[in-house]
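Novice: Sharing a structure below in structure tokens format, with a few things to ask.
The values are calculated or read from the model by the stated rules, or taken from the named source; none is laboratory data. Here the structure is a predicted model, which is why all the values come from computation and not from measurement. Neighbour counts are summed over all protein chains in view; Cβ atoms, including those assigned to glycine, are modelled from backbone coordinates with ideal geometry.
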Amino acid sequence: MAEPRVDKKKKRVVVIGGGVAGSLLCKTLQKHRHFDFTLIDSKEYFEVTWARLRSMVEPSFAKRSVINHHEYLQGASIITSDANGIEDNEVSTTEGRLISYDYLVIATGHMGSKCVTKPEKLREYEADNEKIKSSESILIIGGGPTGVELAAEIAVDFPTKKVKLVHKGSRLLEFIDEKGSKKVLDWLTLKKVEVILGQSVALTSSSDDGTYKTSEGETIMADCYFKCTSDPIGSSWLKETSLKDSLNDSGRLMVDANFRVKGFDNIFAIGDITDVAELKQGYLAQKHALVVAKNLELLINGSDGGNMVKYTPGSPTAIVSLGRREALLQVWCVTSIGRVPETCLHITDTICILKPFIRSSSIFVHAISHQRIEVNEMSSTKDALESIDKRRKIADQLINQLDEQLVECKEEMKRLPHSPADQEAVIAHAKILLGHKKNVPRTNLHTKQPSIEPTSSGIRFPKS
Ligand SMILES: Cc1cc2nc3c(=O)[nH]c(=O)nc-3n(C[C@H](O)[C@H](O)[C@H](O)COP(=O)(O)OP(=O)(O)OC[C@H]3O[C@@H](n4cnc5c(N)ncnc54)[C@H](O)[C@@H]3O)c2cc1C
């Protein structure tokens, strides 16, 4: 087995985990000549996690959202294996390799998929889709974002199926506020999804015959089920390493504002594995990656670490997509649910004031697939100019929508009994949004060519 190529003059960076954070970090490091980096991931590909539920109802979707690491990290050292140890500036893998590093970045957010290769993953989606198509009644276990989004995808694409969602919590989507949970519950009920709250389902041998018992003794009959509880955090392997004392009680790595792991100068952690006090979201994991890319650059250029970039935890924003055209959006105290404007389906991240809002599965992936078509089609200057013009119109419409949301936000502020600190935070947030709007150079905003690389607000597909 060939060992990764190592240039002895360059600093060696090892990134463990090729998910949202790790893949963007590697893509960014690739641009810097001073690094010799190696990616260790348990699977051969990167997957846009928020496209998973759509891929279950439309398996061909996964052909675009599952991307081999080699496609966007051409020529890089990529090791497909689980990391299982860290000792003396070396990482060990389950297949028996030892990879030495000057700097280590841990990005093992959640335990990876059991499918190691892209074809395996695509077959898994085909099998899930067959399961959905051949069942009249479907049980979904778990009412977090995965369970809710899957129920919505099935309800929209297969409206005649009987979908039952059982959630052990007292309300759906506990990470958003009660108002948002209620809106999603009403939406699902309208789509004839039966939601059972405050109960869990134990999978037993009788489940094989389509009989499921809930914790309250109810019997549910269903032709198939999907377990949509969250994947375990990818840190159990760290408990046997020199980083064991840097894990907090929930198994997350404690990091400082520069993302350095507590107690180590040359080890960083990014993404969901960290103890940063914010919602665990992909767009925030991407921000972590960019901060660490910058900090590694500074260190490698001789910085003593004093001028490293500090990270401020992200503001509470959530988007839960509900089938192909609708979504729930919660930004600070404003919650809205409904149809995603047609324009959003074509948005690109060149419209930078809206970056924080573009991340639901349908919005995000539609944006990418559409943009990819544009890249291929933009064969002449005329095409390019027409595309720019179209983008300008889209940007203007979105700016207007944002204005309306800010007005709504201010109204909401007046109604709610916030503390002075809360009020200041919301007003500061609104000012940032407005400030962005004013400061965005219009020419750059509208004429930037589509990018096909991982960017700060989203991963773009590599050229096929
Ligand atoms: C269904 C779903 C929908 C979502 N929707 C959204 C959304 O709309 N917007 C949003 O912002 N966020 C969304 N998220 C959250 C987002 O996906 C996560 O916040 C993000 O994936 C975290 O990125 P990460 O790189 O930290 O971890 P992950 O993406 O979990 O990546 C971890 C990587 O580490 C690898 N790994 C684990 N252990 C090891 C090991 N020992 N050795 C080697 N490799 C290892 C795994 O294989 C994986 O590739 C969604 C998540 C899910 C599951």
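Novice: How many residues, within region 10-64, are within 17 Å of Gln281 (Cβ to Cβ) and not aromatic (Phe, Trp, Tyr)?
Specialist: Qualifying residue count, region 10-64: 14.
Novice: Right, next: Cβ contacts < 8 Å: first residue free of Cβ contacts under 8 Å to residues at least 24 places away in the same chain and among the small types (Gly, Ala, Ser), restricted to region 170-187; second residue outside any helix (DSSP H, G or I) and surrounded by 14 or more Cβ atoms within 10 Å (Cβ to Cβ), any location; separation 6+ or different chain. Result?
Specialist: Ser181/Arg171; Ser181/Leu172; Ser181/Leu173
Novice: Tell me, please, whether a residue that is within 23 Å of the chain's Cα centre (by Cα) and of a type in the set (D, E, K, R) can be found in region 237-253. Explain how you work it out, then say what you get.
Specialist: The initial filter retains those residues of region 237-253 that are within 23 Å of the chain's Cα centre (by Cα), namely 237-238, 247-248, 250-253.
Restricting the remaining residues to those that are of a type in the set (D, E, K, R) gives 252.
Yes; the residues of region 237-253 include at least one that is within 23 Å of the chain's Cα centre (by Cα) and of a type in the set (D, E, K, R).
The rows are residues; the columns are (1) hydrophobic (A, V, I, L, M, F, W, C); (2) at pLDDT below 90.
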{"site": "Asn295", "(1), (2)": "no, no"}
{"site": "Met308", "(1), (2)": "yes, no"}
{"site": "Ala318", "(1), (2)": "yes, yes"}
{"site": "Ile347", "(1), (2)": "yes, yes"}
{"site": "Ile353", "(1), (2)": "yes, yes"}
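Novice: Would you check if there is a residue in region 16-31 being modelled with pLDDT under 95 and over 21 Å from the mean Cα position of the chain (by Cα)?
Specialist: yes
Novice: Here's a follow-up. Which of the residues that make up region 237-277 are within 23 Å of Gly144 (Cα to Cα), among the small types (Gly, Ala, Ser) and in contact (Cβ under 8 Å) with a residue 60 or more places away in the chain?
Specialist: Gly271
Novice: So which helices (runs of 4 or more DSSP H) are wholly in region 3-78 and hold at least 2 residues that are within 11 Å of the ligand (Cβ to nearest atom)? Write out each step before concluding.
Specialist: Working: elements: 20-29, 52-57, 62-65, 69-72.
Counting at least 2 such residues, we get 20-29, 52-57.
Novice: Also: Suppose the filter is closer than 17 Å to Met56 by Cβ and buried (at least 20 other Cβ atoms within 10 Å of the Cβ); does Ala151 pass it?
Specialist: Numbers: closer than 17 Å to Met56 by Cβ: yes; buried (at least 20 other Cβ atoms within 10 Å of the Cβ): yes.
Taking the combined requirement at face value, the residue satisfies it.
Novice: Looking for something within 30 Å of Val331 (Cβ to Cβ) and away from the ligand (no atom under 16 Å from the Cβ) - is there at least one such residue anywhere in region 228-236?
Specialist: Among the residues of region 228-236, not one is within 30 Å of Val331 (Cβ to Cβ) and away from the ligand (no atom under 16 Å from the Cβ), which makes the answer no.
Novice: OK, next. I'd like the full set of residues that are away from the ligand (no atom under 12 Å from the Cβ) and either part of a strand (DSSP E or B) or within 11 Å of the chain's Cα centre (by Cα) (or both), limited to region 265-297.
Specialist: Ile267, Phe268
Novice: Here's a follow-up. May I ask you to list the residues in region 101-117 that are within 9 Å of the ligand (Cβ to nearest atom) and in a loop (DSSP other than H, G, I, E, B)?
Specialist: Hits for region 101-117 are Ala107, Thr108, Gly109, Met111, Gly112, Ser113.
For every residue, the table says whether it meets (1) of a type in the set (Phe, Trp, Tyr); (2) over 22 Å from Val57 (Cα atoms); (3) part of a loop (DSSP other than H, G, I, E, B).
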site	(1), (2), (3)
Ile140	no, no, no
Pro159	no, no, yes
Gly180	no, yes, no
Val195	no, no, no
